[in-house]
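The values are calculated or read from the model by the stated rules, or taken from the named source; none is laboratory data. These numbers come from a predicted model, not from an experiment. Methodologically, a virtual Cβ is constructed for each residue, glycine included, from the backbone with ideal geometry; neighbour enumeration extends over all protein chains shown. Each accessible area value is taken on the protein alone, full model and side chains, heavy atoms only, with ligands, DNA and RNA left out. Shrake-Rupley method; radii C 1.70, N 1.55, O 1.52, S 1.80 Å.
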Amino acid sequence: MTRRTPVTLDQATRDALVGAAILAPSMHNTQPWRFRFRDNTVEVHRDPQNELAAEDPERRMSMISIGAVVFNLRVAAAELGYESVVDLHDTTERTLAAEISLGPGSSPDLAALYPELPKRRTNRAPYSDEDIPEPVRATLRKAAAAEGASLEWVTEQARHDWLLRLTGEANMSDDLDPLRRQERHHWVGGDRDRDGVPSSSLGPRPRRRSAPVRDLAVNPRDRVRPTSEFEPEPALVVLATTRDSPRDWLVAGQALQHVLLEATRAGLAASLLTQAIEHRELRWLVRDPMGGRSEPQVVMRLGYGPEAPPTPRRPIGEFVDPD
């Protein structure tokens with residue numbers, strides 16, 4: 001890791017960095033991260049107590065969310081006047097996933113994304129049929145490429161329909177898995193002020209089972225919430241890496257968050273459709289058969305939708321281990 005000129009991170013700076021970092025998305029909003037400060041370095045650790053043993057046994061989604069945390073730290077550091085050097089770890093055997101070394105400098109392109117951090121939401125509502133302009137699509141492709149990933153816009157009808165079919169099969173598999181349902185009972189539904197997905201963030205129930213949205217509802221009240229019709233031809237993208245190691249999951253997470261923040265700045269709504277990625281037997285089928293070597297990490301739906309409510313976060317102090 002490149003040596004940096006030493007800087008002193010006072011308590012206000014540490015709080016600002018962690019406060020920005022924890023605005024990252026995580027599966028079921030479990031927030032599976034912890035932080036340790038060591039001089040001018042921020043260590044980002046997995047938090048096994050808040051990982052999903054049934055729904056994410058490989059810790060893929062946990063590591064992707066940590067990658068998003070790392071990107072948020074870089075954005076916040078740039079806003080505070082620091083440059084950052086990131087060292088990503090290539091294992092899930094230890095909790096330490098990444099180290100971010102800070103030094104004096106400026107990254108104006110990253111700092112420009114700072115206002116978007118609190119605006120980024122997972123939006124499970126129906127989107128309009130308005131097309132996403134090519135310049136916006138190009139910006140999102142560039143954002144993924146800047147982090148070492150690729151963003152594939154799914155334009156072929158056959159692949160588009162295939163991805164929705166795979167998503168539907170994964171949904172049915174989830175519904176039949178008692179361990180997955182048990183985890184969702186713990187993390188999804190009701191009024192929440194710390195973590196998890198509150199009922200207010202579930203969006204309407206889709207009228208069609210093939211709708212491009214993940215219905216996480218498990219408790220009886222949420223399962224009878226109002227229904228709505230979703231867009232029949234959603235804009236889908238696949239975020240992919242060239243390899244499929246834990247380090248690549250961290251790369252994918254940084255790319256995902258870069259894309260999401262650029263999408264937020266462009267006025268786009270986004271929701272994740274990672275169901276097929278989460279199932280090993282379906283994951284390989286997400287690949288583009290004509291696209292060469294790539295490892296799909298995230299499927300997303302993008303479009304123009306109504307404003308979505310925020311999901312809660314735990315207090316900053318609960319994420320930080322003592323020096």
Q: In nm, give the distance between the simple-model label positions of E130 and R314, each being 7 Å from the Cα along the Cα-to-Cβ direction.
A: 3.8
(Q) How large is the Kirkwood hydrodynamic radius of the stretch 146-194, counting all unique pairs of alpha carbons, in Å? (A) 14.1
Q: Keeping the other protein chains in place, figure out the carbon and sulfur percent of the accessible area of the chain, with a 1.4 Å probe.
A: 51
Q) Taking the chain as a Gaussian network, where each spring joins two C-alpha atoms under 10 Å apart, which residue of L273, L236, L285 fluctuates the most? A) L285
Q: State the Kirkwood hydrodynamic radius of the stretch 72-222 in Å, one decimal place, computed from all pairs of distinct Cα atoms.
A: 19.4
**Q.** Length released on extending from D323 to H160, taking residue separation times 0.36 nm less the Cα-Cα span
**A.** 53.8 nm
(Q) Restricting the calculation to Cα positions, tell me the Rg (one decimal) and the Dmax (whole number) of the stretch 28-72 in Å. (A) 11.1, 37
Q. Just how large is the dipole of the stretch 148-276 about the Cα centre, in debye to the nearest 20, putting +1 at every Lys and Arg Cβ and -1 at every Asp and Glu Cβ?
A. 340
Q: Please determine, in degrees from 0 to 90 and to the nearest 10, the orientation of helix 11-21 with respect to the longest principal axis defined by the Cα atoms of the chain, where the helix direction is its Cα long axis.
A: 20
**Q.** Antiparallel %, DSSP beta bridges [both residues in the chain], to 5
**A.** 90
Q.
Let me understand the stretch 174-247 better: what is its radius of gyration from the alpha carbons, and its Dmax, in angstrom?
A. 15.1, 43
Q | Inter-site label distance for L285 and D10 at 7 Å from Cα along Cβ, in nm | A | 5.7
Q) How far, in nm, would the chain grow between D90 and K119 when pulled straight, counting 0.36 nm per residue and subtracting the alpha carbon separation? A) 7.4 nm
Q. What are the radius of gyration and Dmax of the stretch 227-310, computed over its Cα atoms and given in Å?
A. 14.0, 40
Q. Expressed as an acute angle from 0 to 90° and rounded to the nearest 10, what is the orientation of the C-alpha long axis of helix 60-79 relative to the principal long axis of the chain?
A. 50
(Q) Multiplying the sequence separation of S228 and W153 by 0.36 nm and subtracting their Cα-Cα distance, what value in nm do you get? (A) 24.4 nm
Q | Accessible area expressed per residue, the chain, with surrounding protein chains retained (probe 1.4 Å, Å²) | A | 44
